[in-house]
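The values are calculated or read from the model by the stated rules, or taken from the named source; none is laboratory data. Please read these numbers as outputs of a predicted model, since none were measured by experiment. Cβ coordinates were reconstructed from backbone atoms using ideal geometry, including for glycine residues, and neighbour counts include every protein chain displayed. Side chains included, ligands, DNA and RNA excluded: accessible areas come from the protein's heavy atoms. Shrake-Rupley method; radii C 1.70, N 1.55, O 1.52, S 1.80 Å.
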Amino acid sequence: MVKDWNTRTKLVHEGIRRSQYGEMAEALFLTQGFAYPSAEVAEARFISSGPDEFIYARYGNPTTRMFEDRMSAIEGTEDAFATASGMAAVNGALMALVKAGDHIVAARQMFGSCLHVLKVLSQFGVEITLIDGAVNENWAAAVKENTKVCLFESVSNPGLEVIDIAAVARAAHSVGAMVVVDNAFASPIFSRAAELGADVIVYSATKHIDGGGRALGGVVLGRKEFVRGPLETYLKHTGGAMSPFHAWIMLNGLTTLDLRVRAQAANAEAVARATDHHPKLARAIYPGLEDHPQHDLAMRQMGSGGTMICLDLKDGKAEAFRFLDALRIVTISNNLGDAKSIATHPATTTHKNLSDEERATIGITPGLVRISMGIEDRDDLVADILGALEAV
Ligand SMILES: *Cc1c(COP(=O)(O)O)cnc(C)c1O
């Protein structure tokens, strides 16, 4: 594999496996199994299989492997395992790393389903400590001898707090723990997680990687010894593998990932600047704005403010709903990373199950609207959002 290509080239070419037909596009090997020319070959393959030898799609498949190879090439990790969804990736990574009696330190500002996985682990004897992950000292204070994992989203959902990967890595590595980063909001384009010390990086491919809101998928990236060791063993036996069809969709998504994500981030910045200090807003939250509390860290860690913004309407839920209902281009839904702009009211949808108090601690006010900026025309998006604020 050519390693000196830049990201855009890798996104288009890396990992391609051509069949004897020399097809130009990535082939969709929609097959669960593989024929063996003899019983001896079948026996040998179950003992050890080479890079072009597959057994069963739950273990691996040529299309899925193309996606894994392309992902690890752009992320700068040794290997990757593709999963059925982002949550299969988070669950798989944690299950492969901890056992009863181990300790996990996690940022409390996290996606609800990730918190649920931690709750399940606690029922099986894994000790969990939740901290405010945006305060670096909290990680150093929480790790201890049996800490095996430090887990966080590098940019939190939906509050857009940026967590310092290098600082967490220093604390985690001081006790021999692994740093697991859920990098969904940063996307692989704005990720330097591996070079900053993350040991394991997980993505919901459902988001920016697909980019069209079509298919569920996820991926776990890290060192070969972990990915092809405990992670693969856990995932291949418990059924969290990605479908070859979804891998084929994700490969197509990766081709345009850099173009899309940079266009989305430029739109997000334009909307953030146009709405900052707007009289209807308590706050416009965007890590690319100089007044964001972790602006410097965001620039160091991502080189961008990312594709997501939050607008916090002053007068709460009714105003937020009027704003959402007045939008004409930005669509009310709950995915993110899509080419289409999407607005979400976390308090009544994605984060509905939290208590008022829990929502308040992670900054989810009744007026908060999260917007995943799409690739539509910048002026149209700014006009749509300013127009909807006017209508409030
Ligand atoms: C969406 C999301 C997930 C879960 O991904 P799915 O593909 O929906 O399973 C996990 N973490 C974060 C930060 C997400 O945004």
Taking a label point 7 Å from the Cα of Leu259 along Cα-to-Cβ, the residues of segment 316-340 whose backbone nitrogen sits under 20 Å from it are 337-340
Take the alpha carbon atoms of segment 302-321, find their center, do the same for segment 348-374, and report the distance between the two centers in whole angstrom. 10 Å
Most to least accessible of Ser19, Ser156, Ser122 (protein chains only, probe 1.4 Å): Ser122, Ser19, Ser156
Quick one: pull the percentage of alpha-carbon pairs in the chain with a separation above 29 Å. 43 percent
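Stretch Asn252-Asp102 to full length: gain in nm at 0.36 nm per residue minus the Cα-Cα span?
Computed gain between Asn252 and Asp102 is 50.1 nm.
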Once the dipole of the chain is set up with Lys and Arg at +1 and Asp and Glu at -1 on Cβ about the Cα centre, which of Val330, Ala35, Thr350 lies farthest towards its positive end? Ala35
Work out Dmax and Rg for segment 258-391 from the C-alpha atoms and quote the Rg first, both in angstrom. 13.9, 39
DSSP beta bridges in segment 173-253 [antiparallel fraction, %, rounded to 5]: 60 percent
Potential lengthening between Asn6 and Tyr56 on full extension [0.36 nm per residue; Cα-Cα distance subtracted]: 14.7 nm
Cα-centre dipole for the chain with unit charges at Cβ (Lys and Arg positive, Asp and Glu negative), debye to 20: 480 debye
Can you give me the relative contact order of the chain as a percent, contacts being Cα pairs under 8 Å and 6 or more apart? 17 percent
What does the convex hull of the Cα atoms come to per residue for segment 31-95, in Å³? 107 Å³
If you take every DSSP beta bridge fully contained in segment 7-254, what fraction is antiparallel? Give it as a percent rounded to 5. 45 percent
For the chain, the charge dipole (Cβ of Lys, Arg +1; Cβ of Asp, Glu -1; about the Cα centre) points to a positive end, and the Cα of Val180, Leu235, Leu297 closest to that extreme belongs to Leu235
To make sure I understand the rule: partners must be aspartates and glutamates, Cα under 12 Å from the Cα of Lys280, and not fewer than 8 residues away in the same chain. Which ones qualify? Asp312, Asp315, Glu319, Glu390
Packing rank of 40-49, 23-32, where each peptide gets the mean count of other beta carbons within 10 Å, highest leading: 23-32, 40-49
Answer in debye to the nearest 20: the dipole magnitude of segment 241-375 about its Cα centre, from +1 Lys/Arg and -1 Asp/Glu charges placed on Cβ, is 340 debye
Ranked packing of 301-314, 177-190, most packed first, by mean Cβ within 10 Å: 177-190, 301-314
Would you mind pulling out the separation of the Cα centroids of segment 148-212 and segment 268-296, in Å? 23 Å
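Using a Förster distance of 35 Å, how high is the FRET efficiency between Thr331 and Thr233, based on the Cβ-Cβ distance and rounded to 0.05?
Between Thr331 and Thr233 the formula returns 0.30.
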Computed FRET value (nearest 0.05) for Glu358 with Lys317, which takes r as the C-beta separation and R₀ as 22 Å: 0.85
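Taking 0.36 nm per residue of separation and subtracting the Cα-Cα distance, what length does fully extending Val135 through Met24 add?
Gain on stretching Val135 to Met24: 35.1 nm.
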Would you mind putting 285-292, 347-354, 364-371, 385-392 in packing order, based on average other-beta-carbon counts within 10 Å, highest first? 364-371, 285-292, 385-392, 347-354
Over segment 225-303, relative contact order from alpha-carbon pairs under 8 Å, at least 6 apart, %: 13 percent
For segment 258-391: relative contact order, % (alpha-carbon pairs under 8 angstrom, 6 or more apart): 30 percent
Reach of Lys99 by Cα under 25 Å, taken over lysines that are not fewer than 8 positions away in the same chain: Lys119, Lys144, Lys148, Lys224, Lys236
Using alpha carbons only, how many angstrom separate the centre of segment 59-131 from the centre of segment 26-51? 27 Å
